[in-house]
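Worksheet: one structure, shown below.
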Amino acid sequence: MRSRRLAVDGAIEFTPRVFPDERGLFVSPFQEAAFLEATGSPLFPVAQTNHSRSRRGVVRGVHFTATPPGTAKYVYCARGRALDIVVDIRVGSPTFGRWDAVLLDQRDFRSVYLPVGVGHAFVALEEDTVVSYLLSRAYVPEHELALSALDPALGLPIPDDTPPLLSDRDQAAPTLAEAGERGLLPDYAACRSLEHTTASAASEARHRP
């Protein structure tokens, strides 16, 4: 499995080997050794897995979790194609305001690791696109926040060949500047501290008899 650091500090793209044969193919979207080598720590303890199915043109995000408690994610596309977007919204981060995008598809089977505090969005590029997530914390509605994926200041690469389909919540989400004025954005130092705590918990769980 190959890894590549993205333009957002701490975010990493993973590309596994794909083994096709006359029956179909086999692939491992997550591999602990590769994750450990790329991040220096084992995968966070998985508290919840999510599975979404989307029509072509659906835009989900930009979503993030209030920090604390903060949530790290490991994301891959189990069916179809999605443009996965990582946005650095952590105040004080060396890459604050930057984004990067990774094509998740059924050819390369890339995955994306999103550290605590970053924003996440994706665009479904095909009908019935399925995106799966591993999450470090369980979903708590009052902790879940959103920014506008259509914020011109962010300039996210939302395709213009199909009208974007957004939930009511995402349509009403504030811009990055508005969220900053309201004090909603995560603090970079706090996010890094929480990552360290999560990594320590993962390491302890890994070595527990």
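Derivation of every value follows stated rules applied to the coordinates shown; laboratory data play no part. Please read these numbers as outputs of a predicted model, since none were measured by experiment. Cβ sites come from the backbone with ideal geometry, for glycine too, and all protein chains shown count toward neighbours.
Brief remarks on what is shown
- Residues satisfying the criterion are absent from the range 24-34 (criterion: part of a loop (DSSP other than H, G, I, E, B), touching an Asp or Glu at 6+ places or on another chain (Cβ under 8 Å) and in contact (Cβ under 8 Å) with a residue 24 or more places away in the chain).
- Among helices (runs of 4 or more DSSP H) entirely within the range 97-207, having at least 2 residues that are touching a residue at least 24 places away in the same chain (Cβ under 8 Å) and buried (at least 18 other Cβ atoms within 10 Å of the Cβ) singles out 176-181, 188-207.
- Residues of the range 35-47 satisfying the condition of being among the polar types (S, T, N, Q) and part of a loop (DSSP other than H, G, I, E, B): Ser41
- Only one of the numbered conditions (1) under 21 Å from Met1 (Cα atoms); (2) over 14 Å from the mean Cα position of the chain (by Cα) is violated by Gly57, and that is (1).
- All positions within the range 59-90 that are farther than 23 Å from Ala38 by Cα and either touching a His at 6+ places or on another chain (Cβ under 6 Å) or surrounded by fewer than 19 Cβ atoms within 10 Å (Cβ to Cβ) (or both): Gly61, His63, Thr65, Ala66, Pro68, Pro69, Arg79, Arg81
- Selection status of Thr71, in contact with an Asp or Glu (Cβ under 8 Å, 6 or more places away or on another chain) and not in a strand (DSSP E or B): no
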